[in-house]
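> What follows is a structure written as structure tokens; I'll ask about it next.
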Amino acid sequence: MKKQAVTTDKAAAPKAPYSQGIVYGDLLFVSGAGPIDPETQQFISGTIEEEAEATLKNVKNIVEVAGFSMDNLLKVTVFLKDNDDFARFNEVYKKYVPEPRPARSAVEVGLLFGIKVEIEAIAGR
């Protein structure tokens, strides 16, 4: 089996040596995505809701370009700058990730560039 890189201009372009996503067989691995405007490649600095919306749009675009859908998500990892944003983040998350929702972890971490959220995901067919 051969891995295939996923590339789209509808999500933030990698600024380091990694792919936006990798398809391997029936699995898709989405790299950590953040609140970056794909058109300007600039970070969106705003409320947790604004940053979550931008981040989830990037994830969704990578997932769809790879031929999957948000229904195909199996595991999501959410990195939050501040756990106090957890409930507000979840309100946006529920709009993008349909039921039955995937397994998920959410952790508070120090994020680069002052962003409030980063998300990585695994999808399967």
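> If you go through the stretch 46-61 one residue at a time, do you hit one that is in a strand (DSSP E or B), touching a residue at least 24 places away in the same chain (Cβ under 8 Å), on the phi < 0 side of the Ramachandran plot and surrounded by fewer than 19 Cβ atoms within 10 Å (Cβ to Cβ)?
no
> May I ask you to say which residue of VAL30, VAL23 is among the aliphatic types (A, V, I, L, M), in a strand (DSSP E or B), under 11 Å from ALA123 (Cα atoms) and more than 14 Å from the chain's Cα centre (by Cα)?
VAL23
> Restricting to the stretch 35-45, name every residue that is in contact (Cβ under 8 Å) with a residue 40 or more places away in the chain, surrounded by fewer than 22 Cβ atoms within 10 Å (Cβ to Cβ) and either closer than 18 Å to ASP85 by Cα or of a type in the set (S, T, N, Q) (or both).
Listed by number, the list holds a single entry, SER45.
> Working carefully through the options LYS94, LYS15, find the one that is of a type outside the set (A, V, I, L, M, F, W, C), over 15 Å from the mean Cα position of the chain (by Cα), farther than 18 Å from ARG125 by Cα and loosely packed, with under 15 Cβ neighbours inside 10 Å.
LYS15 is the lone residue from the list that is of a type outside the set (A, V, I, L, M, F, W, C), over 15 Å from the mean Cα position of the chain (by Cα), farther than 18 Å from ARG125 by Cα and loosely packed, with under 15 Cβ neighbours inside 10 Å.
> Next up: Consider ASN72 carefully, then state whether it is polar (S, T, N, Q) and over 29 Å from MET1 (Cα atoms).
Judged against the criteria, ASN72 is not a match.
Readers should treat all values here as calculations from the given coordinates under stated rules, not as data from a laboratory. From a predicted model like this one, the values you see are computed outputs, not experimental measurements. Cβ atoms come from the backbone with ideal geometry, glycine included; neighbour counts cover every protein chain shown.
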